[in-house]
1. Identify, please: which residue in region 128-147 is touching a residue at least 24 places away in the same chain (Cβ under 8 Å) and assigned to a helix (DSSP H, G or I) and is, among those, farthest from ILE257 (Cα to Cα)?
2. Need the failing condition index for ALA36 against (1) at pLDDT 75 or above; (2) assigned to a helix (DSSP H, G or I), just the number.
3. Looking only at region 148-198, which residues are closer than 17 Å to THR74 by Cα, within 20 Å of the chain's Cα centre (by Cα) and either of a type in the set (Val, Ile, Thr) or not in a helix (DSSP H, G or I) (or both)?
4. Please work out which one of (1) at positive phi; (2) in contact with a helix residue (DSSP H, G or I) (Cβ under 6 Å, 6 or more places away or on another chain); (3) of a type outside the set (D, E, K, R) is the condition GLY203 fails and give its number.
5. Kindly provide the set of residues from region 339-367 that are among the aliphatic types (A, V, I, L, M) and surrounded by 19 or more Cβ atoms within 10 Å (Cβ to Cβ), ordered by number.
6. Considering only residues that are under 13 Å from MET191 (Cα atoms), crowded, with 20+ Cβ neighbours inside 10 Å and touching a residue at least 40 places away in the same chain (Cβ under 8 Å), which ones fall in region 205-226?
Amino acid sequence: MQLKLYDLLTQNFILNKLSYIRKKLDIHTEEVIRGASVSFAVKVIAAILGFALNVVLVRLLGASNAGLYFLAFTVATIAATLGQAGLRNTFIRFVACNAAVDDWTKVKGIYKKGILIAIVASIVTSVIMFLLASWLAECLFKKPEMSKVLLWMALSVVPYALYMLFSSLLQGLKRIFEAMLVLSVLNPAFMIIISLILIPLKGIIGTAWAFILAAFLTLIIGIWRWNKSTSRFKGLNGYFKTSDMLQSSIPLFWVSILNLIIYWSSNLMLGMWGTSTDVAIFNVANRTSHLTNFILLAVNSIAAPKFATLFHQGDFKTLERIVRNSTKIMIIMAIPSLFFFIIIPRFVMGIFGPEFAENGLILMILGIGQFINVSTGSAGYLLIMCGQERIWRNNLALSSAINLVLNMTLIPSYGATGAALATAITLSLQMLIAVGLAKWKLAIMTIPIFKAQMKNL
């Protein structure tokens, strides 16, 4: 029986489909669905807060100043990511594997060594950003007015890097609610409140102060939740082979650099060749398009440690079943947001102001790219959690090269629209290649073949 489009988009259809799948699948997939449901609920809140934060910033700062802040935030994100030293997915992988067998000595060992490395690395990148602030503003971006913003944002690098790592540690323990709260909810919630107070008083500098304070508050809560979740650490010294940690984290460090190129090069090149308004328009559209893939983040938050555990146990049949059925759920849940981005992109962008409404095409392009990302499933996380970090790194190296070429070709001529095309094309190619790599290396096809799979449900 064919479903009409409006039925496909109704809440009842989605809930009934998920309920049907849940009744028919094994305990491992039920755990993914249960955990993803919690994560999904938190990510819905995070998506609403993120959207509200963008509206607050644009409305209070104006398009031009908002663009300057987004550019400074991009630089701070790059510094914080480098300061994490590739440890985010390393933490998830090894904490999940060792916690599953109650080896808390190793869990504590990787936590202590990893956090120490991250503290040192993030302090170094923070200092470098502080010292280069004037040069970046005046010489690279040719926007001297953002120099002070960059100086202040450098102070956010350490807490920003660390709270994301504590989120990964909690995720490895399958403390999904706490992990998602720290990663996605607390920072924008704190920042909205603080921004409403500081921006009217201090303008764009108040935005930087708000982010610094929000990052510190989020870190404090992240540390508190981790300590509450690891009472088993009492009396343990903690031990983990440094070589094992580095064998995973070093390839993932390069992965993080390549991800930075793919995700942030459009912002940086728009900052170099476009106006601050162009940067604001692209950032607003890009962040809004991520409403399509928050279900991917929700599922990955519980699925990633499950992938690592099942692979470690050698249960490849269950692993493949979870991967493919997770993708089905993600596709179904992503359809409504894609509908809005394709049918009424001007209306969605118009929430931020009239100059944004004129650029609905940018949101449409980015939304399609994100939907393709969701439709390929958890291919990237699957490769990382199953010990294929180097293969994933090589894929990102190719994708980053493609992204740079596309940005350099399209942005000078088409501005923010060119940046959107470069981002969407790169993301789509990257994830389709990842699907092929997962099939080649792990014999797992992440894109479900619906007729074949439905027979097994």
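1. Per the stated criteria, the residue is GLU145.
2. Failed condition: (1).
3. Result: VAL157, VAL158.
4. (2)
5. VAL348, MET349, ILE362, LEU363, MET364, ILE365, LEU366, listed by residue number.
6. THR207, ALA208, TRP209, PHE211, ILE212, ALA215, THR218
Per-residue answers, yes or no, for (1) closer than 20 Å to VAL182 by Cα; (2) of a type in the set (Gly, Ala, Ser):
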residue: ALA79; (1), (2): yes, yes
residue: GLY83; (1), (2): yes, yes
residue: ARG88; (1), (2): yes, no
residue: VAL95; (1), (2): yes, no
residue: ALA99; (1), (2): no, yes
residue: LYS112; (1), (2): yes, no
residue: ILE117; (1), (2): no, no
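For every residue, the table says whether it meets (1) farther than 17 Å from THR74 by Cβ; (2) at pLDDT below 85; (3) under 27 Å from the mean Cα position of the chain (by Cα).
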{"residue": "ASP102", "(1), (2), (3)": "yes, yes, no"}
{"residue": "VAL107", "(1), (2), (3)": "yes, yes, yes"}
{"residue": "ILE117", "(1), (2), (3)": "yes, no, yes"}
{"residue": "VAL120", "(1), (2), (3)": "yes, no, yes"}
{"residue": "ILE128", "(1), (2), (3)": "no, no, yes"}
{"residue": "ALA137", "(1), (2), (3)": "no, no, yes"}
{"residue": "PHE141", "(1), (2), (3)": "no, yes, yes"}
{"residue": "PRO144", "(1), (2), (3)": "yes, no, no"}
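The values are calculated or read from the model by the stated rules, or taken from the named source; none is laboratory data. As the structure is a computational prediction, the values presented were derived from the model and not from experiment. Methodologically, a virtual Cβ is constructed for each residue, glycine included, from the backbone with ideal geometry; neighbour enumeration extends over all protein chains shown.
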